[in-house]
């Protein structure tokens, strides 16, 4: 039992207790945020804001710049998404779940490519190409940037990006020594699959004639 425990959590032996507590709190609020997103509940944003703010601080301390930028972007997009989700499209209806339009698909491609270029520039400027994880960081950042933008606009395709990014992040964060965060992304993957199915059912119901 002890070797298994050491395998998963020995990296925390050198971490300040405050960092461990903050990571656990951020993970809990991250779980809540993704769960509320699956439920199509506006609480996805306040819980997400708490989680991302904590992770921005922790990731800055750990010098994980790509991950830090993802969470800083999540924070800003959470404010934008909170507004979109509460905005009424008419006198009685709020912004509904929809599929991406051709224009939004093109915009997603531009966001993905633009993010790749931006993160590459940041890593180049700070000379952080010292590990293969930096290259994976660049790709996952781009994936999550698109996913967060689509979620804010209540597009069902956001779940596809989350699923792909979460699957990549599970081994990535474990390799970085962030076991709790790695487990978080494992659960995120499962919730995202169910989230996609729930939103798809919701979308079908909305498309049915009254």
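Coordinate-derived values only; no laboratory data. Here the structure is a predicted model, which is why all the values come from computation and not from measurement. As a convention, Cβ positions derive from the backbone with ideal geometry for all residues, glycine included, and neighbour counts pool all protein chains shown.
When the convex hull of the C-alpha atoms of the chain is computed, what volume per residue in Å³ does it have? Let's see the in-between values first.
Working: hull volume 25.4 nm³, N = 210.
Expressed per residue, the convex hull around the Cα atoms of the chain is 121 Å³.
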Query - Contact order normalised by residue count of the range 124-204, Cα under 8 Å, 6+ apart, percent - result: 24
Query raised in the report: Given a Förster radius of 35 Å and the C-beta distance between residue 135 and residue 205 as r, what FRET efficiency does 1/(1 + (r/R0)^6) yield to the nearest 0.05?
Result: 0.25
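What FRET efficiency would be calculated for the residue pair residue 183, residue 118, taking the C-beta separation as r and a Förster radius of 22 Å, to the nearest 0.05?
Numbers: r = 29 Å, r/R0 = 1.32.
Calculated transfer efficiency: 0.15.
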Query raised in the report: With springs only between Cα atoms under 10 Å, which of 197, 154, 87 fluctuates most in a Gaussian network model of the chain?
Result: 87
**Report entry** Max mean-square fluctuation residue, GNM over the chain, Cα-Cα springs under 10 Å, options 74, 196, 83
**Finding:** 83
Query raised in the report: Please report, for the Cα atoms of the range 48-159, the Rg to one decimal and the Dmax as a whole number; what are they, in angstrom?
Result: 15.6, 54
Query raised in the report: Where the centre of each part is set by its Cα atoms, how far does the range 67-130 sit from the range 156-185, in angstrom?
Result: 17
**Report entry** Inter-label distance for residue 107 and residue 175, nm, one decimal - labels placed 7 Å from Cα along Cα-to-Cβ
**Finding:** 3.4
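Among 188, 19, what is the fewest-to-most ranking by other Cβ atoms within 10 Å?
Numbers: 188 24, 19 15.
Neighbour counts put them in this order, fewest first: 19, 188.
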Report task. Calculate how large, on average over all directions, the projected area of the Cα convex hull of the range 38-77 is; give the answer in nm² to one decimal. Result -> 2.8
Query - All-pairs alpha carbon distance profile, the range 95-210, 10 Å steps from 0, percent - result: 14, 37, 32, 13, 3, 1
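Translational diffusion coefficient of the range 158-210 at 37 °C, 0.692 mPa s, Stokes-Einstein with Kirkwood Rh over Cα pairs, in µm²/s as a whole number.
Values: Rh = 12.0 Å.
Estimated diffusion coefficient is 273 µm²/s.
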Requested in this report: Given the options 25, 146, 44, state which has the largest fluctuation in a GNM of the chain using a 10 Å cut-off (strictly under) for Cα springs.
Outcome: 25
Query raised in the report: For residue 100 and residue 125 in the same chain, what is the full-extension length gain: residue separation times 0.36 nm, less their Cα-Cα distance, in nm?
Result: 5.5 nm
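Based only on other Cβ atoms within 10 Å, what is the fewest-to-most ordering of 106, 164? List each step's numbers first, then the result.
Numbers: 106 11, 164 18.
So the residues, fewest neighbours to most, are 106, 164.
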